[in-house]
Amino acid sequence: MRLSRYLLPTMKETPAEAQIVSHRYMLRAGMIRQASAGVYSWLPLGYRVLKKIEQIVREEQDRAGCQEMLMPTIQPADLWRESGRYDDYGKEMLRIRDRHDRDMLYGPTNEELITDIFRSSVRSYRDLPKLLYHIQWKFRDEVRPRFGVMRGREFLMKDSYSFDVDFEASKVAYRKMFVSYLRTFARMGLRAIPMEAETGPIGGNLSHEFIILADTGESEVFCHRDYVEYDVLADDVDYNADLSGIVDFWTSKYARTDELHDQAAFEAEVPEDRRVTRRGIEVGHIFYFSTKYSDPMGARVTTADGQDMPVHMGSYGIGVSRLVGAIIEASHDEAGIIWPEPVAPFDIGLINLKVGDPDCDKACEDLYNQLQAAHKTVLYDDRDERPGAKFADMDLIGLPWQLIIGPRGLQRHVVELKRRDTGEREELSIGSALARLWAYAT
Ligand code: 5CA
């Protein structure tokens, strides 16, 4: 992509309304634009990141055996009257009336809709287990939308739903999602720690929040240092094998948010030098809620011994749009964002320091073509701008690599390669710079 043609409205000034670093950088890097309080448009750069995150989430759901589908954003109120949540949800639910005076709503979550689909299509224990998910926009009319996409009113969520014959069988689905979440966040360069949680309005009796550590997080968290040091991706998880060992490890030690924190238990269970007290951001939340929805809504199956029983359910959420902000909170410096390679909007920023200079233009065009031919994504800064402005913008948008081409270097047959995370710069021949980039699987 040529920057001269790209919609990338970067800003030098810090926007006054943004209180936390991810919100500031997302606005300054031209990733999002507010449409109304807590509702955002995703500009091209931001949308690329959102799609990359969504794709990692999708791949890990598929790997865990979850089937993708798509439910609508607008739902009929009657389903929510059946479950009893239409009145309970209060002002957080955006209520809509259609031209026939029917009550509709913009879905804050999808338990009712999926239960309705299930009850009209599945009758027998033989058709279980079922594990389904979709990635769809949600709306919650939060009292105080803030921190940009971290607490929005409209936000993108991955929500999965499990259907099983009893609690024992439900635990298998819960474990699959639990382990799949560990992998999902690790693949984005994040360390997410599962913590015992309250179930809130979703309800139920078994629940974990997945929390990443970041100083600007909304909750205070307390956990055993072993969880902060563990390398999740070193485990090559077999989803057909028994996952309980992994879940046992992640639930055996103290890890709680302030909601459930118990100082005496923390001190009793965790040696002093292993206690971690930090702030955290909730990026995922999983629930087993038994027959809370299937019972009132009549989603029943016949069991092996011929009984007719409400199906056991769980739901499993990931805040896809929140993750964009959360990753920035976890990975940035004073110059801007530092994207972990798997979620970076482009792999490489190619900077032409002297647009119009025939040698620079030619070298850049050649590199641009070669990199793209090797399936690297490249943002080519071909604008007629001062080098200082180009460097500042490139640092701000945080691509993992910068390849800098200037007339003086070219006379000596060198270009400069800069890593955004370490700030390390190297002068290399064009051939060695390319070899260095090939060595990284971005
Ligand atoms: N139905 C269940 C699980 S599918 C559910 O709705 N769970 S939730 O309420 O915990 O939301 C799931 C995830 O969505 C949260 O962990 C969080 O990462 C994200 N999320 C929730 N509210 C917001 C919001 N206002 N803005 C951005 N992300 C949000």
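The values are calculated or read from the model by the stated rules, or taken from the named source; none is laboratory data. Since the structure is predicted, the reported quantities are computational estimates derived from the model, not experimental observations. Cβ placement follows ideal geometry from the backbone for every residue including glycine, while neighbour counts extend to all protein chains displayed.
Data overview
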{"item": "The one condition in (1) of a type in the set (Lys, Arg); (2) under 17 Å from residue 8 (Cα atoms); (3) free of Cβ contacts under 8 Å to residues at least 60 places away in the same chain that residue 383 fails to fulfil", "result": "(3)"}
{"item": "Test: residue in the stretch 185-203 that is modelled with pLDDT of 95 or more, crowded, with 17+ Cβ neighbours inside 10 Å, in a helix (DSSP H, G or I) and within 13 Å of the ligand (Cβ to nearest atom)", "result": "yes"}
{"item": "Selection count where residues are in contact with a Lys or Arg (Cβ under 6 Å, 6 or more places away or on another chain) and part of a loop (DSSP other than H, G, I, E, B), scope the stretch 14-39", "result": "3"}
{"item": "Subset of the stretch 61-83 [of a type outside the set (A, V, I, L, M), under 27 Å from residue 177 (Cα atoms) and in contact (Cβ under 8 Å) with a residue 12 or more places away in the chain]", "result": "61, 63, 65, 66, 67, 68, 72, 73, 75, 80, 83"}
{"item": "Residues within the stretch 392-423 that are free of Cβ contacts under 8 Å to residues at least 12 places away in the same chain and under 28 Å from the mean Cα position of the chain (by Cα), tallied", "result": "2"}
{"item": "When residues of the stretch 101-140 are limited to those that are closer than 21 Å to residue 316 by Cα and charged (D, E, K, R), the one surrounded by the fewest Cβ atoms within 10 Å (Cβ to Cβ)", "result": "127"}
{"item": "Members of the stretch 426-442 that are exposed (fewer than 12 other Cβ atoms within 10 Å of the Cβ) and either over 31 Å from the mean Cα position of the chain (by Cα) or at pLDDT 95 or above (or both)", "result": "431, 435"}
{"item": "Any hit, the stretch 233-247, residues being modelled with pLDDT under 95, away from the ligand (no atom under 16 Å from the Cβ), surrounded by 20 or more Cβ atoms within 10 Å (Cβ to Cβ) and assigned by TED's automatic domain parsing to the domain that holds residue 20", "result": "yes"}
{"item": "Positions within the stretch 131-165 being acidic (Asp, Glu) and without any contact (Cβ under 8 Å) to a residue 60 or more places away in the chain, in sequence order", "result": "141"}
{"item": "So residue 165, is it over 25 Å from residue 242 (Cα atoms), crowded, with 17+ Cβ neighbours inside 10 Å and touching a strand residue (DSSP E or B) at 6+ places or on another chain (Cβ under 7 Å)", "result": "no"}
{"item": "Residues being under 23 Å from residue 292 (Cβ atoms), near the ligand (Cβ under 7 Å from one of its atoms) and over 14 Å from the mean Cα position of the chain (by Cα) - total across the stretch 140-171", "result": "2"}
{"item": "Helices (runs of 4 or more DSSP H) fully within the stretch 56-162 counting 2 or more residues that are more than 30 Å from residue 36 (Cα to Cα)", "result": "77-83, 111-121"}
{"item": "Within the stretch 339-353, tally of residues that are part of a helix (DSSP H, G or I) and touching a helix residue (DSSP H, G or I) at 6+ places or on another chain (Cβ under 8 Å)", "result": "2"}
{"item": "Matching residues in the stretch 258-315 - criterion: being of a type outside the set (A, V, I, L, M, F, W, C), within 15 Å of the ligand (Cβ to nearest atom) and over 26 Å from residue 215 (Cβ atoms)", "result": "288, 290, 292, 293, 294, 314, 315"}
{"item": "Number of the exception - residue 397 against (1) over 30 Å from residue 133 (Cβ atoms); (2) surrounded by 21 or more Cβ atoms within 10 Å (Cβ to Cβ); (3) touching a Gly at 6+ places or on another chain (Cβ under 6 Å)", "result": "(3)"}
{"item": "Pick from the stretch 204-218, criterion at pLDDT below 90 and within 11 Å of the ligand (Cβ to nearest atom), ranking: nearest to residue 84 (Cα to Cα)", "result": "204"}
{"item": "Among the residues listed as 288, 254, 239, the single one being in contact (Cβ under 8 Å) with a residue 40 or more places away in the chain, under 29 Å from residue 172 (Cβ atoms), in contact with a strand residue (DSSP E or B) (Cβ under 6 Å, 6 or more places away or on another chain) and aromatic (Phe, Trp, Tyr)", "result": "288"}
{"item": "Which listed residue is crowded, with 18+ Cβ neighbours inside 10 Å, in contact (Cβ under 8 Å) with a residue 40 or more places away in the chain and within 16 Å of the ligand (Cβ to nearest atom), from 325, 336", "result": "325"}
